[in-house]
Amino acid sequence: MDLIKFENFNFSYSPNEKIFSELNLTIKRGDFVLFCGPSGCGKTTLIMNLKNEIRPIGEEEGIIYYDGENIREIDKEKSAREIGFLFQNPENQFVSDTVIQEISFSLENMGVSTEEIRTRIAEMSTFFGLDKILYKKIDELSGGQKQLVNLCSLLILKPKALLLDEPTSQLDPIASYDFLAMLRRLNEEFSMTILMTEHRINNVFPFIDQAVFIENGEIKYNNSPQNICLETWNNDIFSNYLPATALVHFLFKNYYSFIKNKTIPISIRDGLNSMYDMNEEIGVKTDNTFYDEYLRLKKNENIKNNENIEDNKTIENNEVKSNESNDYSVFECKDLWFGYEKNNLVIKDISFKIIKGEFISILGGNGTGKSTLLQLLAKILKPIKGKLKIDKEIQLAYVHQNPMIHFRHETVAEELKIDIESHDKYLENRDIDNSNFNNNTKDINDTNDILSDKIKLINFFEIETLLEKHPYDCSSGEQQKIVIMKALLKKPDILFLDEPTKGLDPMFKKNLGEKFKELQKNGLSIVMVTHDIDFAADYTDRSFLIFDGNIQVDSTPKELFYSNNFYTTFVNRMVKNYIPKCITLNDLKKIWNKNIEKI
Amino acid sequence: MNVITIHPTIYTIYYIILILFALLFNNIYYLVAFLVFIVILLFLQKSKKEIKPTLKYFIPMSLIIIILNPLFSHVGTTKIFLMGNYFITLESLAYGFLMDFSLLIILLLFVSFNKYVDYQKLLYLTSNHFPNVSMIVVMVMRFIPLLNYRLGEVNKIFDFEHGNSDESKIDKIKKMGSILAVVIFWSLEESMLTAKSMKARGYGIFKRSSYLRYKINRIDIILIGIIMLCAIISLLGLYYGIGNVEIYPTLTPSFFNFPLDFPLNVFYLTFLVLLSPLIFLELKERVIWKLRSKTYGFN
């Protein structure tokens, strides 16, 4: 029943750096397998090795079996027909300019007769709901539609195995949900074996059969979703790859003994059921509803805080004062209007202020004008009507959603204006400094200060090893990091980011969020367009919901999300019926902290 | 979309014949009939938009031809005036004028052809015999808007990072150079991925086929029959010297003769028939829709 089997598989790009050693893995026919792990852990290399045509070039040992055969020896036609590979970026996979041409591309390659091609297109396009847009131009499609067309173009060959490399990382939540629902259908209705890598796993976990967690080329955990939750919920790295519902479950498990033997909720449905059960149990034990329990704990929390407050009062007062002095708007825009054509206005009458040190997230569906708004604010586009009020001293920095645009040098170091030699020298000097406590002259110190700032940033962004690489050779997550760092080097007062968390792994996302918080305290204002609801809920102070070219909602993320049913965080969707105002896991952790008594 | 569909091959054959005829026949009456026909057809095809750029391109070119032909071609016996060391002759003027006429007709024919045979159909014509060429055409069609978009975005980022207020022309050229470099490198990089995706979907394993299909109907056969018959008769006429006027060395008064005598007008009438089928089909199309809207009361 095994479809794919890795046997003692070794792989390395160069003799010195081994990606995998002695890797063993079997994948059953018809299974949906999810591969997770931090960027650069080798999960993409792993699934790329299953496709002869595009396998990475390097040294390999051991055998991969596909359907009982050595995968390197299978027929070209079989490989093309039976194994489909979908890449991360929907844009670059297109060969042709219309949907129908793109879908038929694979069949045309196989030399299938015109009649059969048309019959299969008729079936597949209807299955995918693409039949209405068959003759549309590719560049008129939305990101979600593009990825669906790509998938359709693979499936028309009726593959047995599908390999997907972060297929939804470029899509907005709704589009990615649609895409995953399609994958689920394929898996259930055609028993298609699916191997997928992904960072955002909440929507995927409910219907996978097996999860494989990889770190540094080693398979650390490989189990069913239920079991892998049990194994890794305490793990620093891999707990980030567990669904929010499971994490909430484990949080409550610490305090309520009756949860002990309950199954771990993986989907929202299970999560809601488990909340219902908990509510009942708490009712039996304490005569309280869940919400009462929450209020009681919150009160306790406040009382405790009040005890501490007297100690903190002086500090807080200071903070308040400094806040007041900082509390002026650095940026103001008044009734902005923008559109490329008269009949198609993208931005309609938007005005707001940005206060110093504020972190604003701009949310909204695809094609609502979020990116356009950001470019208007960064003065990249000129509004048709309306005004921007910015002081001349204020530095703006902007990061495009496609990091490739920002690169124009041969190496990352040049891109960041870092002299590698002086970088090395500085490091040496610093070591000497540290050992001898020698103070250099002031000039050197000054240049060193700038350098040391840069080096701190480099260390923070974990890109030390990339300095001599060409930016194009870095993975998309790494490119994102380089570009954000490049923008920060300008020492901006306002930073405009267009989907900065795209393709970043959850660990680094956390770090980045913390870094932004730190920069905020130093007075940096950040405006971020994002699809990442969790990131917005965790780190931003203020959220805009853009709809129909206008700011529909302007409030804190908490206010914005708790009134939504679907467009909100997974934690909130799970606990909403009982504690509606908890949006993130941290909100819950604040209440259910170590101080409370266990029941 | 038209209900009466004609196979793209028929269109192509017909238009090739028309273009050849526009070059072969230079009798003024033939050419005028030709022009009238093509204008009516374009009007029926509703291609006002497409005519404009063609005319913009045509008018300066026609002036150049009318002026340059007499200047460089000094053949011909009817001298009009002396310019420098050479005579400007009536013949070369007339020749330039007729050449202009043919050129205008050919350009308009192309406009009309494009309206009937869009690039999808053109692809169908080439993909059976030259599958790789048509693949390249498709990829180019995809690439152009992509390149355009990328150029725009990179330009924006450059302006943002450097400011575009006080720049000398040399700076601007330098900037354009580096923008182009970024766009080209970027595009090359991304096209590596496109190539991978093509390979992954089995490009190059077998001889390619095509999804495009057009059926040959009865109307196609009738049409090609009429066209061929008329074309052969017209060519026969041409063989006897009807429809083509000798301009060089001396322009004879027969230049302005209307081909009305018996053998002549048969050939002329066949020529007119050759021009008319598409107009007839367009009109028929309209009648069909008119009747439809009457029966169902739409519009």
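Taking the condition of a type in the set (A, V, I, L, M) and within 30 Å of residue A:96 (Cβ to Cβ), does residue B:111 pass? For residue B:111, the condition - of a type in the set (A, V, I, L, M) and within 30 Å of residue A:96 (Cβ to Cβ) - is met.
Applying a threshold of 6 Å to beta carbon distances and a minimum spacing of six or more residues, or different chains, the list of pairs starting in segment A:36-54 at a residue that is open to solvent by 10 Å² or more (accessible area, probe 1.4 Å) and ending at one that is of a type in the set (Lys, Arg) and in a loop (DSSP other than H, G, I, E, B) reads A:48/A:55.
Among residues of segment A:552-568 that are under 18 Å from residue A:535 (Cβ atoms), those with a beta-carbon under 7 Å from a residue that is open to solvent by 80 Å² or more (accessible area, probe 1.4 Å) at least six positions away or on a different chain give the pairs A:558/A:581; A:562/A:581.
Among the candidates A:58, A:84, the residue that is open to solvent by less than 10 Å² (accessible area, probe 1.4 Å) and more than 7 Å from every other protein chain (Cβ to nearest Cβ) is uniquely A:84. Within segment B:186-203, residues that are more than 7 Å from chain A (Cβ to nearest Cβ) sit with their Cβ atoms under 7 Å from residues that are crowded, with 19+ Cβ neighbours inside 10 Å, at 6+ positions apart or across chains, in these pairs: B:187/B:150. Counted as qualifying within segment A:192-237 are no strands (runs of 3 or more DSSP E), as none has 3 or more residues that are at positive phi and crowded, with 22+ Cβ neighbours inside 10 Å. Going through (1) closer than 24 Å to residue A:51 by Cβ; (2) part of a helix (DSSP H, G or I); (3) more than 13 Å from chain B (Cβ to nearest Cβ) one by one, residue A:150 falls short only on (3). For segment A:271-297, residues that are open to solvent by less than 30 Å² (accessible area, probe 1.4 Å) and aliphatic (A, V, I, L, M) total 4.
Where the second residue is among the small types (Gly, Ala, Ser) and assigned to a helix (DSSP H, G or I) and the first is touching a residue at least 12 places away in the same chain (Cβ under 8 Å) and under 20 Å from residue B:19 (Cα atoms) and lies in segment B:38-65, which pairs have Cβ atoms under 8 Å and are six or more apart or on separate chains? That search, which allows pairs on different chains as well, returns B:38/B:112; B:41/B:112; B:42/B:112; B:45/B:112; B:47/B:112; B:65/B:96. Considering segment B:204-225, the residues that are loosely packed, with under 15 Cβ neighbours inside 10 Å and more than 7 Å from chain A (Cβ to nearest Cβ) include one that is nearest to residue B:24 (Cα to Cα), namely B:225. Taking segment A:342-411 and the strands (runs of 3 or more DSSP E) fully enclosed by it, the elements with 3 or more residues that are within 26 Å of residue A:173 (Cβ to Cβ) are at A:344-355, A:359-363. Checked against the criterion of being part of a strand (DSSP E or B), modelled with pLDDT under 90 and of a type in the set (Val, Ile, Thr), the candidates A:27, A:4, A:19 yield just one match: A:19. State all residues of segment B:121-140 that are of a type in the set (A, V, I, L, M, F, W, C) and either out of contact with any helix residue (DSSP H, G or I) (no Cβ under 8 Å at 6 or more places or on another chain) or under 23 Å from residue B:206 (Cβ atoms) (or both); if no residue qualifies, say none. The answer is B:123, B:125, B:130, B:133, B:135, B:136, B:137, B:138, B:139, B:140.
For segment B:102-142, the candidate set comprises residues that are among the hydrophobic types (A, V, I, L, M, F, W, C) and exposed (fewer than 15 other Cβ atoms within 10 Å of the Cβ); within that set, the residue that is nearest to the other protein chains (Cβ to nearest Cβ) is B:140. Of all residues in segment A:359-387, exactly one satisfies the criterion of being more than 14 Å from chain B (Cβ to nearest Cβ), open to solvent by 10 Å² or more (accessible area, probe 1.4 Å) and among the aliphatic types (A, V, I, L, M), namely A:384. Considering (1) closer than 26 Å to residue A:462 by Cα; (2) open to solvent by less than 10 Å² (accessible area, probe 1.4 Å); (3) among the β-branched types (Val, Ile, Thr), the lone condition that residue A:568 does not fulfil carries the number (1). Scanning segment A:458-487 for residues that are buried (at least 21 other Cβ atoms within 10 Å of the Cβ) and either more than 14 Å from chain B (Cβ to nearest Cβ) or charged (D, E, K, R) (or both) gives A:458, A:461, A:466, A:477, A:478, A:480, A:481, A:482, A:484, A:486.
Residue check: residue A:581 meets all listed conditions (1) surrounded by fewer than 16 Cβ atoms within 10 Å (Cβ to Cβ); (2) outside any loop (DSSP other than H, G, I, E, B); (3) charged (D, E, K, R) but one, namely (2). The number of residues in segment A:238-270 being of a type in the set (A, V, I, L, M, F, W, C), surrounded by 22 or more Cβ atoms within 10 Å (Cβ to Cβ) and outside any loop (DSSP other than H, G, I, E, B) comes to 4.
Number of residues in segment A:147-168 that are at pLDDT 90 or above, over 22 Å from residue A:66 (Cβ atoms) and open to solvent by 10 Å² or more (accessible area, probe 1.4 Å): the value is 1.
Residues in segment A:95-128 that are away from every other protein chain (no Cβ under 11 Å), open to solvent by 10 Å² or more (accessible area, probe 1.4 Å) and touching a helix residue (DSSP H, G or I) at 6+ places or on another chain (Cβ under 7 Å): A:124, A:128. Going through (1) of a type in the set (D, E, K, R); (2) open to solvent by 20 Å² or more (accessible area, probe 1.4 Å); (3) more than 26 Å from residue A:367 (Cβ to Cβ) one by one, residue A:559 falls short only on (3). Residue A:89 meets all of the listed conditions (1) outside any strand (DSSP E or B); (2) in contact (Cβ under 8 Å) with a residue 24 or more places away in the chain; (3) farther than 21 Å from residue A:195 by Cα; (4) open to solvent by 10 Å² or more (accessible area, probe 1.4 Å) but one, namely (3). With respect to residue B:171, is the statement that it is open to solvent by 40 Å² or more (accessible area, probe 1.4 Å) and more than 8 Å from chain A (Cβ to nearest Cβ) true? Yes: the conditions hold for residue B:171. Yes or no: residue A:529 open to solvent by less than 10 Å² (accessible area, probe 1.4 Å), under 20 Å from residue A:172 (Cβ atoms), modelled with pLDDT of 85 or more and not aromatic (Phe, Trp, Tyr)? Here the answer is yes, as residue A:529 does meet what is asked.
Would you point out the residue of segment A:33-52, among those that are closer than 17 Å to residue A:63 by Cβ and assigned to a helix (DSSP H, G or I), that is farthest from the chain's Cα centre (by Cα)? Checking each candidate, the answer is A:52. For segment A:129-143, name all the residues that are at pLDDT 85 or above and buried (at least 20 other Cβ atoms within 10 Å of the Cβ). Once the filter is applied, which keeps residues that are at pLDDT 85 or above and buried (at least 20 other Cβ atoms within 10 Å of the Cβ), segment A:129-143 yields A:130, A:138.
Results for (1) of a type in the set (Gly, Ala, Ser); (2) modelled with pLDDT under 85; (3) more than 23 Å from residue B:160 (Cβ to Cβ), shown as yes or no for each residue.
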{"site": "A:329", "(1), (2), (3)": "yes, yes, no"}
{"site": "A:334", "(1), (2), (3)": "no, no, no"}
{"site": "A:349", "(1), (2), (3)": "no, no, yes"}
{"site": "A:360", "(1), (2), (3)": "no, no, no"}
{"site": "A:363", "(1), (2), (3)": "no, no, yes"}
{"site": "A:371", "(1), (2), (3)": "yes, no, no"}
{"site": "A:376", "(1), (2), (3)": "no, no, no"}
{"site": "A:380", "(1), (2), (3)": "no, no, no"}
{"site": "A:386", "(1), (2), (3)": "yes, no, no"}
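The values are calculated or read from the model by the stated rules, or taken from the named source; none is laboratory data. The structure displayed is predicted, hence computed values, not measured ones. Cβ atoms come from the backbone with ideal geometry, glycine included; neighbour counts cover every protein chain shown. These area figures cover heavy atoms from the full protein model, side chains too; ligands, DNA and RNA do not enter into them. Shrake-Rupley method; radii C 1.70, N 1.55, O 1.52, S 1.80 Å.
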